[in-house]
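The values are calculated or read from the model by the stated rules, or taken from the named source; none is laboratory data. Worth saying up front: this structure is predicted, and the values here are computed from it rather than measured. Please note: Cβ atoms are built from the backbone with ideal geometry, for glycine as well, and neighbour counts cover all protein chains shown. Ligands, DNA and RNA are excluded from the accessible area calculation, which covers all protein heavy atoms including side chains. Shrake-Rupley method; radii C 1.70, N 1.55, O 1.52, S 1.80 Å.
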Amino acid sequence: MEPGSQEANLLRHVEKDVLIPKMVREKAKELCSDKVEAFTKCCQEKGFLMVVKCREENAALKECLTYHYKDSALYEECKQEYLKEREEFRQTGIPSKKRQQKVPSSM
């Protein structure tokens, strides 16, 4: 299979419906980090009362995350990033997480 060929960009079901959406969720959490932080802080402060006391923070967090989950541009960005990682894996045989860890440290 030639890199850049039509077949190289085909996605399996698990890639399209599981792996790429997982990347979208991770990016959405980063993009909504202020809301995640506010909700987490509220939950830690309110303890058992968080269900009642943190509704506003929870609603804001859900709204932010849902906005990004439905963002087709973000999905496309994650898809392209995934395809790039997959292509690098196919060429090197090393997953991107392991490749990042194996950076030589000469200090």
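Between Y69 and R90, full extension at 0.36 nm per residue minus the direct alpha carbon distance yields a gain of 4.8 nm.
Within the shell defined by Cβ-Cβ distances under 11 Å, the residues around C54 carry a net charge of +1, with Lys and Arg each +1 and Asp and Glu each -1.
The local environment of L11, defined by Cβ-Cβ distances under 10 Å, has a net charge of +2 under the rule Lys, Arg +1 and Asp, Glu -1. Taking the Cα centre of the range 31-80 as origin and assigning +1 to Lys and Arg Cβ atoms and -1 to Asp and Glu Cβ atoms, the resulting dipole is close to 240 debye.
Sparsely packed loop sites in the range 42-88 (the trypsin sites (Lys or Arg not before Pro) outside DSSP H, G, I, E and B with at most 15 other Cβ atoms within 10 Å) comprise K70. Note on F39: accessible area is roughly 50 Å² with a 1.4 Å probe, heavy atoms of protein only. Per-residue extension of 0.36 nm, minus the Cα-Cα distance of L10 and K41, leaves a gain of 7.0 nm for this segment. Within the assembled protein chains, the solvent-accessible surface assigned to Y67 is about 150 Å², based on a 1.4 Å probe.
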